[in-house]
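Below is one structure; the comments refer to it alone.
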Amino acid sequence: MSLTGTLAIPEDVLEIARTLEEAGYETWCVGGAIRDALMKHPHADYDLATAATPAQVQSLFKHTAPVGEKYGTVGVLDKRRVLHEVTTFRRDVTTDGRHAVVSYGVSLDDDLARRDFTVNALAYHPIRHQWRDPYSGEPDIRRGVIRAVGDPAQRFREDYLRILRAIRFAARFEFTVEPATWAAALAGADGLSRLSAERVRDEWFKGLATARSVATLVRLWRESGAAARLLPELEEVGAELLARAGAIGPEERDPILLTALLAHDPAAMLRRLKASGAQIERAAAIAAGPESPAGLDDAAVRRWLSVTGKAAGDLTAFWALRHASPAPWADAARRIVERGDPLSRGHLAVNGGDLQALGASGPRIGELLAELLERVLDDPSRNTRDALIALARGRL
Ligand code: ATP
Ligand code: MG
């Protein structure tokens, strides 16, 4: 790995770069895709930096999407509908720790200077196969180091999210944060409370999805002081749970299930992070349980499926996550659902009107339906109109 080799840039990305260059705008590949290429990690979406303004980019391509026009970024869709971010060379004029005011008409080197970490500030010219690495990102990749571009304290003051990004990249690549950058993160941690809930949530979710070890991610959130300020729940994770989290594979990284695993009140944490209503509801249902059926026979599993409703899938996956083995009732539950066994009042062969016709009234109707459902959960073959009406008659 060195900066003399050539990178195999995907044809679709090359075509975007050629279109811009042929129109007279210098264009480089930058950011995550170049960093990952040097580490031989696959990366589908490319970031391109160009001298063209957002309006000029938009006029050159048929399929674009507004991504962050205020910051000079236009999404360009390739033939396979993969979105690549094309960003105008820019310099950050002012920042308040959260937002930047940007100016265009600057050079590639100015653009690289405003990037967060040296490993993210490398550029590659896809047509001339030329490298630009003014901040020595390549040696940092080789040594496994996350280092701020420029003065780390100032860079964190400009945007405190960079502290969380440093943690995320360190956990993702199992890199260390360079000592001066780490010291500045610790010193600047109070600034984290100024970040919007949405940006914190995005970093937390992305971190969970990409960390090589979830335990390392949690440890870095704690050691940096980010947990204490933003996710105090993480301070309470015990050693055993942390060890379990460290063994969770990359295919099991559902952010809601993982948050539920680590926080004792996951719904409250997600509410604070302004997660979606559906995500908060999932977390609340996981915490509410019941976490498992009372037994492993079909009747017990049906009863549990009936009580947990649409949370059953999450609860089954959650049990597997906690215990590091598949839930023992998972196969029975799948068969029950496939067979279409009745699991709710709506599935019963009689309804409230039928019971009313038998002479039931008021709250007694609901009670009777609940009793009938219990009998049907025990034995689905009872779910015929005649059998249920006979049962109901006997109980009136
Ligand atoms: P990922 O694999 O997570 O997409 P990435 O490095 O591509 O990693 P992005 O968030 O997509 O990260 O950003 C693209 C590039 O823009 C980064 O590599 C970095 O150069 C720059 N960048 C993004 N966010 C910031 C920030 N808050 N401050 C400075 N530079 C940033
Ligand atoms: Mg990216």
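A few comments on the model shown:
- Output for segment 244-281, where each listed residue is surrounded by 14 or more Cβ atoms within 10 Å (Cβ to Cβ) and of a type in the set (S, T, N, Q): T259, Q279
- Residue match in segment 154-167 (condition: under 19 Å from the mean Cα position of the chain (by Cα), open to solvent by 10 Å² or more (accessible area, probe 1.4 Å) and free of Cβ contacts under 8 Å to residues at least 12 places away in the same chain): no
- Qualifying residues in segment 108-120 (those that are more than 25 Å from R18 (Cβ to Cβ) and open to solvent by less than 20 Å² (accessible area, probe 1.4 Å)) - the one nearest to ligand 1 (Cβ to nearest atom): D116
- Taken together, V30, V13 contain a single residue that is within 14 Å of V119 (Cα to Cα), in contact (Cβ under 8 Å) with a residue 12 or more places away in the chain and in contact with a Leu (Cβ under 9 Å, 6 or more places away or on another chain), which is V30.
- Filtering segment 32-55 to residues that are under 15 Å from V74 (Cα atoms) and either of a type outside the set (A, V, I, L, M) or open to solvent by less than 10 Å² (accessible area, probe 1.4 Å) (or both) leaves D45, Y46, D47, L48, A49, T50, A52, T53, P54.
- Among the residues of segment 94-103, those identified as among the polar types (S, T, N, Q) and either within 16 Å of ligand 2 (Cβ to nearest atom) or more than 18 Å from R165 (Cα to Cα) (or both) are T94, S103.
- When segment 380-396 is limited to residues that are over 22 Å from D297 (Cβ atoms), not in a helix (DSSP H, G or I) and not hydrophobic (A, V, I, L, M, F, W, C), the one that is most open to solvent (accessible area, probe 1.4 Å) turns out to be R395.
- Single condition G340 does not satisfy, out of (1) open to solvent by 30 Å² or more (accessible area, probe 1.4 Å); (2) within 48 Å of the chain's Cα centre (by Cα); (3) at negative phi: (3)
- Among the candidates G137, G105, residue that is farther than 28 Å from L273 by Cα, more than 22 Å from the chain's Cα centre (by Cα) and open to solvent by 40 Å² or more (accessible area, probe 1.4 Å): G105
- Among residues of segment 327-341 that are within 14 Å of W304 (Cα to Cα), those with a Cβ under 9 angstrom from a residue that is charged (D, E, K, R) and open to solvent by 100 Å² or more (accessible area, probe 1.4 Å), sequence gap 6+ or separate chain, pair up as D341/R335.
- Options R114, R142; residue that is of a type in the set (D, E, K, R), within 16 Å of ligand 2 (Cβ to nearest atom) and closer than 28 Å to L217 by Cα: R114
- Some residue of segment 88-97 being within 15 Å of ligand 1 (Cβ to nearest atom), part of a loop (DSSP other than H, G, I, E, B) and more than 24 Å from S136 (Cβ to Cβ): yes
- Residue match in segment 9-24 (condition: closer than 27 Å to F173 by Cβ, in contact with a helix residue (DSSP H, G or I) (Cβ under 6 Å, 6 or more places away or on another chain) and not charged (D, E, K, R)): no
So that you can scan it fast, the table gives a plain yes or no per residue for (1) away from ligand 1 (no atom under 15 Å from the Cβ); (2) hydrophobic (A, V, I, L, M, F, W, C); (3) in contact with a Cys (Cβ under 8 Å, 6 or more places away or on another chain):
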residue: F61; (1), (2), (3): yes, yes, no
residue: P66; (1), (2), (3): yes, no, no
residue: E69; (1), (2), (3): yes, no, no
residue: V76; (1), (2), (3): no, yes, no
residue: E85; (1), (2), (3): no, no, no
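- Just one of the numbered conditions (1) within 15 Å of ligand 2 (Cβ to nearest atom); (2) within 19 Å of Y135 (Cα to Cα); (3) in a loop (DSSP other than H, G, I, E, B) is not true of V106: (1).
- Residue count for segment 211-243, restricted to those that are open to solvent by 60 Å² or more (accessible area, probe 1.4 Å) and in a loop (DSSP other than H, G, I, E, B): 1
- The residues of segment 121-130 that are surrounded by fewer than 21 Cβ atoms within 10 Å (Cβ to Cβ) and either in contact with a helix residue (DSSP H, G or I) (Cβ under 8 Å, 6 or more places away or on another chain) or among the polar types (S, T, N, Q) (or both), listed by number, are I127, Q130.
The values are calculated or read from the model by the stated rules, or taken from the named source; none is laboratory data. For clarity, every value in this text was computed on a predicted model and none was experimentally measured. Positions of Cβ are backbone-derived with ideal geometry, glycine not excepted, and every protein chain shown enters the neighbour counts. Keep in mind that these areas ignore ligands, DNA and RNA; they rest on the heavy atoms of the full protein, side chains included. Shrake-Rupley method; radii C 1.70, N 1.55, O 1.52, S 1.80 Å.
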